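Scroll down for the structure; my scribbles are underneath it.
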Amino acid sequence: VKMNGKNNFMIFDPSMNEAIQRKASLQQDLKLAMKNEELELYYQPKFDLELNRYDGMEALIRWNHPVRGFIPPFEFIKIAEESNLIVELGNWILEKSCRFIMEYNQVHHSDYCVSVNVSTIQLLNEDFEKSVLNILEATGLNPDYLELEITETVFMHSMDIAYEKLNFFREKHINIALDDFGTGYSSLTYLKSLPITTVKLDKSFVDDIAYNDISFEVVDNVIQIARSIGLTIVVEGVETKEQLQILKSLRCHKIQGYYFSKPVSDLELPLVLDQYE
Ligand code: C2E
Ligand code: CA
Ligand code: CA
Ligand code: CA
């Protein structure tokens, strides 16, 4: 037990101390990781059920720490957000993704799009729009080939700023996907008013779609409503053929998941994509 100076007692928990230390040291290491090339982007293809082909891929960051090994993205993205390092890291991810897809399409004579996750703090940064435009210019990527994946937390922070920013991107022909749909407070009725092009339905809904009537009903509803208001619907986390067939029968546009492919390195990606060329 320690005194914290205000005549209150704090319980000293060694495991908590360890967690705080890990966080502090990861925060330090993350700054170096970008320079030392410990960070790498993996790509998970997205399959278009109507065209029966892959139409793009999502970039997902990987950190292989020299001492601690693989650090899951949810852990260090959170750390990056808390230290504002997310701005630099986010720009790095965006530039690398845009450059990658630009070169990939040139080399393979393909027309894949890249989807890039954008953290709410990164999106709300006042220089974000400028950074995106600079990156598009530097890489020469046509904005139609870029999709920014955002989460609904951005609308909770500031509806006005979020609308303004997303409308700006829409005017520049950059696609916007609402990620993890269904996990928060987002309702189907407000989807219509958002400046977005795509809805990504969270994995949790598809997990038991083959066995649970309620999950089936929910997915069916989301797909039909998204379609009726002109949004593209992507379902994440599809792992089985059964799930795929159900989603196809519900007229879902696109799916992403281990059934087709896990996220893979840039070297493995052509092998995955070639299967449906
Ligand atoms: P997310 O954007 O929802 O990404 C989907 C996650 O589900 C990825 O995990 C992906 O590998 C995993 N996944 C895809 N298909 C399946 C499947 O069929 N089954 C299962 N069990 N999992 C599947 P990952 O790569 O570990 O990323 C976790 C989260 O970390 C992401 O969730 C995203 O929120 C964040 N993240 C990852 N990369 C980035 C990035 O470059 N920038 C930002 N801001 N966040 C990122
Ligand atoms: Ca995502
Ligand atoms: Ca997601
Ligand atoms: Ca998620």
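The values are calculated or read from the model by the stated rules, or taken from the named source; none is laboratory data. Just so it is clear, the structure is predicted and the values come from calculations on it, not from any experiment. Note that we place each Cβ from the backbone using ideal geometry, even for glycine, and neighbour counts take in every protein chain shown. For the accessible areas, the whole protein counts, side chains as well, though only heavy atoms, and no ligand, DNA or RNA atoms are used. Shrake-Rupley method; radii C 1.70, N 1.55, O 1.52, S 1.80 Å.
Data overview
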quantity: Tally, over the stretch 197-238, of residues that are of a type outside the set (S, T, N, Q), more than 26 Å from Y145 (Cα to Cα), more than 15 Å from ligand 4 (Cβ to nearest atom) and assigned to a loop (DSSP other than H, G, I, E, B); calculated: 4
quantity: Leading residue by the ranking (nearest to ligand 1 (Cβ to nearest atom)) among those in the stretch 113-146 that are more than 19 Å from I77 (Cα to Cα) and in a strand (DSSP E or B); calculated: V114
quantity: Flag if D179 is among the charged types (D, E, K, R), touching a strand residue (DSSP E or B) at 6+ places or on another chain (Cβ under 8 Å) and under 30 Å from E277 (Cβ atoms); calculated: yes
quantity: Looking only at the stretch 218-242, and only at residues there that are polar (S, T, N, Q) and away from ligand 3 (no atom under 16 Å from the Cβ), the one that is nearest to F205 (Cα to Cα); calculated: N221
quantity: Condition broken by A177, with the remaining ones in (1) more than 29 Å from Y259 (Cα to Cα); (2) surrounded by 19 or more Cβ atoms within 10 Å (Cβ to Cβ) satisfied; calculated: (1)
quantity: Test: residue in the stretch 23-40 that is under 26 Å from V272 (Cβ atoms), touching a residue at least 60 places away in the same chain (Cβ under 8 Å), away from ligand 3 (no atom under 16 Å from the Cβ) and not in a helix (DSSP H, G or I); calculated: yes
quantity: Sole exception among (1) open to solvent by less than 90 Å² (accessible area, probe 1.4 Å); (2) more than 16 Å from ligand 2 (Cβ to nearest atom); (3) under 23 Å from the mean Cα position of the chain (by Cα) for M57, by number; calculated: (2)
quantity: Subset tally (residues that are open to solvent by less than 30 Å² (accessible area, probe 1.4 Å) and over 23 Å from C98 (Cβ atoms)) for the stretch 254-277; calculated: 2
quantity: Hey, E81 assigned to a loop (DSSP other than H, G, I, E, B), in contact (Cβ under 8 Å) with a residue 40 or more places away in the chain and either closer than 19 Å to K254 by Cα or out of contact with any Leu (no Cβ under 6 Å at 6 or more places or on another chain) (or both) or not; calculated: no
quantity: Single residue of L123, L94 found to be under 30 Å from E277 (Cα atoms), at pLDDT 95 or above and in contact with a helix residue (DSSP H, G or I) (Cβ under 6 Å, 6 or more places away or on another chain); calculated: L94
